[in-house]
């Protein structure tokens, strides 16, 4: 039985509060996590809620900016089932990218469910990309070198946002056919925008697959997310069951043509062995390989979903950092081509 939107909201507020405590404990472990260098706010909606982009910049950002240098950019989307989480949750990942890649990280604070159900988060991701493209000069960004990254729900956005961007460009060009000014504005925004790689960490890729089936098929069912979390996430984000088949929610449901045209050549998927999402990740990897994409799939052994966000301040952070640095090395190699 579907839960009321009000009850979903009450649950979301409760778990958001507890998650902030968990992330506080996560962040106090050394080394100290960086704070964003600055933020930019997109136009708020009629309710006053806006998409905020948090920027993490190299130490010499201001100096090089004055000299006209442009930095490649990694656009990141946080996790939390589209319901919890904040754009600063991935500060350790952002710190690794800034240090190892010498890139700017733009972490997107998309609007969350249940207040803003599907497809708001995907559309917010598209708007963030368009904003970065339109303000590339002011922000000293080289938007011909853009990588998308994300964790869990954010890993889904790292894949679905390019699909949504492609669909939006196609539909708006058709809708405004003959209205050159409107069409040209969108073309100008995306003319230099080039997504060269995706780094998706333990993403959810298929909302049509039942959670019960996922748990039954997982290696360690007792290590999977509990039903009270997954029910909250799924019902809050996609209350309309028909929407769950949309490629902008379930990218595995996209056609070969859409995936081939919208996704970059280089795709990196990091899958946790004890995660209920493992098998759909593996299936998606094979699908992309069949389309000629260069896919690197990393299986993180004996790890459960969101293993890198442990609230335990005495955790083995080195294990996480090794994988972060490995991903950063791949990102840098792609940016340096």
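Put simply, of 327, 249 the only residue that is in a loop (DSSP other than H, G, I, E, B) and crowded, with 16+ Cβ neighbours inside 10 Å is 249.
How about region 252-263: which of its residues are over 15 Å from the mean Cα position of the chain (by Cα) and either assigned to a loop (DSSP other than H, G, I, E, B) or over 24 Å from residue 220 (Cα atoms) (or both)? Write out each step before concluding.
Of all residues in region 252-263, those over 15 Å from the mean Cα position of the chain (by Cα) come to 252-262.
Those that are over 15 Å from the mean Cα position of the chain (by Cα) and either assigned to a loop (DSSP other than H, G, I, E, B) or over 24 Å from residue 220 (Cα atoms) (or both): 253, 254, 255, 256, 257, 258, 259, 260, 261, 262.
Selection within region 222-239: residues that are outside any helix (DSSP H, G or I) and at pLDDT 95 or above. The member of this set that is farthest from residue 125 (Cα to Cα) is 239.
Restricted to region 207-221, and to residues there that are in contact (Cβ under 8 Å) with a residue 12 or more places away in the chain and part of a helix (DSSP H, G or I), the residue that is nearest to residue 118 (Cα to Cα) is 211.
Per the conditions (1) closer than 25 Å to residue 144 by Cα; (2) surrounded by fewer than 22 Cβ atoms within 10 Å (Cβ to Cβ), the sole criterion not satisfied by residue 19 is (1). Residue 127 meets the conditions (1) surrounded by fewer than 20 Cβ atoms within 10 Å (Cβ to Cβ); (2) touching a helix residue (DSSP H, G or I) at 6+ places or on another chain (Cβ under 9 Å) in every case but one. The failed one is (2).
Scanning region 298-312 finds one or more residues that are in contact (Cβ under 8 Å) with a residue 24 or more places away in the chain and under 29 Å from residue 142 (Cβ atoms). Scanning region 279-324 for residues that are surrounded by 16 or more Cβ atoms within 10 Å (Cβ to Cβ), assigned to a helix (DSSP H, G or I) and out of contact with any strand residue (DSSP E or B) (no Cβ under 8 Å at 6 or more places or on another chain) returns 279, 280, 287, 317, 320, 321, 324. Of the helices (runs of 4 or more DSSP H) lying entirely inside region 24-140, those carrying at least 3 residues that are under 28 Å from residue 234 (Cβ atoms) and within 20 Å of the chain's Cα centre (by Cα) are 91-101, 120-134.
Before we move on, is residue 244 part of a helix (DSSP H, G or I), crowded, with 17+ Cβ neighbours inside 10 Å and modelled with pLDDT under 95? If you could, list the steps in order and put the result at the bottom.
Numbers: part of a helix (DSSP H, G or I): yes; crowded, with 17+ Cβ neighbours inside 10 Å: yes; modelled with pLDDT under 95: no.
It is false that residue 244 is part of a helix (DSSP H, G or I), crowded, with 17+ Cβ neighbours inside 10 Å and modelled with pLDDT under 95.
Taken together, the residues in region 38-84 that are free of Cβ contacts under 8 Å to residues at least 60 places away in the same chain and either buried (at least 17 other Cβ atoms within 10 Å of the Cβ) or touching a helix residue (DSSP H, G or I) at 6+ places or on another chain (Cβ under 7 Å) (or both) amount to 5.
Contact annotation: no residue pair with Cβ atoms under 8 Å, 6 or more positions apart or on different chains, pairs a residue in region 1-22 that is on the phi > 0 side of the Ramachandran plot and free of Cβ contacts under 8 Å to residues at least 12 places away in the same chain with a partner that is outside any helix (DSSP H, G or I) and surrounded by 11 or more Cβ atoms within 10 Å (Cβ to Cβ). In the set 257, 294, 214, only one residue is more than 30 Å from residue 144 (Cβ to Cβ) and out of contact with any helix residue (DSSP H, G or I) (no Cβ under 7 Å at 6 or more places or on another chain); that residue is 214. All of (1) in contact with a helix residue (DSSP H, G or I) (Cβ under 9 Å, 6 or more places away or on another chain); (2) at pLDDT 75 or above hold for residue 191 with one exception: (2).
The values are calculated or read from the model by the stated rules, or taken from the named source; none is laboratory data. Given the structure is predicted, the values throughout are model-derived calculations rather than measurements. Every residue, glycine among them, receives a Cβ derived from its backbone with ideal geometry; neighbour counts consider all protein chains shown.
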